Amino acid sequence: MICAVYKSRLKADSYLFIEKRNDFERVPDALMKMFGTPELVMLLPLDKRQQLGIADINKVRSELADKGYYLQLPPPPVNLLEAYKKEIGYSQD
């Protein structure tokens, strides 16, 4: 399976995987409005890959088959202060 990967010009680090290049028919209109004009990043063969950057490749394959697209959003920002407090066992109790 080869899919097309597009990046959003409106949402930083957001990527849309679709089954066929320039075929956005199965992508909901509301998602396309939020995503903005897609910019082709690459054509990606999924069959020969075991993993993808931050996305679960099995979920990507499954959603492409079921919905016709997969939306990859950036991970939420890490609150470094809270992570540090947790690491040192800090509590205000």
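Just name the residue that is surrounded by the fewest Cβ atoms within 10 Å (Cβ to Cβ) out of those in segment 8-44 that are of a type in the set (Val, Ile, Thr) and farther than 18 Å from residue 62 by Cα.
First pass over segment 8-44, keeping only residues of a type in the set (Val, Ile, Thr): 18, 27, 37, 41.
If we keep only those that are farther than 18 Å from residue 62 by Cα as well, we get 37, 41.
Numbers: 37: 9, 41: 13.
Only one residue tops the list, namely 37.
Scanning segment 78-90 turns up no residue that is surrounded by 10 or more Cβ atoms within 10 Å (Cβ to Cβ) and within 16 Å of the chain's Cα centre (by Cα).
Scanning segment 58-82 for residues that are in a helix (DSSP H, G or I) and farther than 23 Å from residue 28 by Cβ yields a count of 3. May I ask you to verify whether residue 67 is charged (D, E, K, R), more than 26 Å from residue 1 (Cβ to Cβ) and either surrounded by 10 or more Cβ atoms within 10 Å (Cβ to Cβ) or in contact (Cβ under 8 Å) with a residue 12 or more places away in the chain (or both)? Answer is no for this residue.
Only a single item in (1) in a loop (DSSP other than H, G, I, E, B); (2) surrounded by 12 or more Cβ atoms within 10 Å (Cβ to Cβ); (3) β-branched (Val, Ile, Thr); (4) under 13 Å from the mean Cα position of the chain (by Cα) is not met by residue 5, and it is number (1).
Read-outs: derived from the displayed coordinates by stated rules, not from any lab. Owing to the predicted nature of the structure, the values given are computational and were not obtained by experimental measurement. Every residue, glycine among them, receives a Cβ derived from its backbone with ideal geometry; neighbour counts consider all protein chains shown.
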